[in-house]
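Report on the structure given below.
The values are calculated or read from the model by the stated rules, or taken from the named source; none is laboratory data. Being a predicted model, the structure only gives us computed values, none of them experimental. For neighbour counting, all protein chains shown are included, and Cβ atoms are generated from backbone atoms with ideal geometry for every residue, glycine included. Ligands, DNA and RNA are excluded from the accessible area calculation, which covers all protein heavy atoms including side chains. Shrake-Rupley method; radii C 1.70, N 1.55, O 1.52, S 1.80 Å.
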Amino acid sequence: MTQEQTATALPGGQYYYGTGRRKTAIARVRIYPGSGAYQVNDKPYLDIFTRAPHQNKVRLPLEVTEVSGTFDVFVHVTGGGISAWADAIAHGISRALVALDDKHRPALRKAGLLTRDPRIKERKKPGLKRARKAPQYTKR
């Protein structure tokens, strides 16, 4: 690693952990008591999530539980795309908040942040172009 690429050191002390998943994305989330900073793969989350809907999705669990600004969030996420990353991170933060205090569970459940979205890509079938798209029918 060069001087500019030094990895951000995680703060010491107690943290709360949650794993979030969406499609093929897996987010490993740690929340520490702090000032409200978000880091995704050692970068500020605004560098990765440039669109407002993704930024809002990532911030949603802390806003729903009214603890925004009191925790620093550190995330390592792999697989999938940007939208799946945002949903996986929100899922992981929600699980970490429940690990912190079980009283957050009803608010997170009501917002739909604790439910793992089970929709994944359907496999391709033989004789078809994609999962369900068939080749064009020719009469003669």
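The set of residues from segment 88-120 being more than 16 Å from Ala25 (Cα to Cα), among the hydrophobic types (A, V, I, L, M, F, W, C) and part of a helix (DSSP H, G or I) comprises Ala96, Leu97, Val98, Ala99, Leu100, Ala107, Leu108.
Listed by first and then second residue, the pairs with beta-carbon distance under 8 Å, at least 6 apart or on different chains, first residue in segment 121-140 and assigned to a loop (DSSP other than H, G, I, E, B) and β-branched (Val, Ile, Thr), second at pLDDT 95 or above and open to solvent by less than 100 Å² (accessible area, probe 1.4 Å), form an empty list. Filtering segment 23-64 down to residues that are in contact (Cβ under 8 Å) with a residue 60 or more places away in the chain and in contact with a Ser or Thr (Cβ under 8 Å, 6 or more places away or on another chain), which residue is most open to solvent (accessible area, probe 1.4 Å)? Per the stated criteria, the residue is Arg28. Scanning segment 50-68 for residues that are closer than 18 Å to Gly80 by Cα and of a type in the set (D, E, K, R) turns up Arg51, Lys57. Quick check on segment 72-85. Is at least one of its residues surrounded by fewer than 19 Cβ atoms within 10 Å (Cβ to Cβ), at pLDDT 95 or above and part of a helix (DSSP H, G or I)? There is at least one residue in segment 72-85 that is surrounded by fewer than 19 Cβ atoms within 10 Å (Cβ to Cβ), at pLDDT 95 or above and part of a helix (DSSP H, G or I). Within segment 9-49, the set of residues being within 15 Å of Asp87 (Cα to Cα) and of a type in the set (Val, Ile, Thr) comprises Thr19, Thr24, Ile26, Val29, Val40, Ile48.
Tallying residues that are aromatic (Phe, Trp, Tyr) and assigned to a helix (DSSP H, G or I) within segment 19-66 yields 1.
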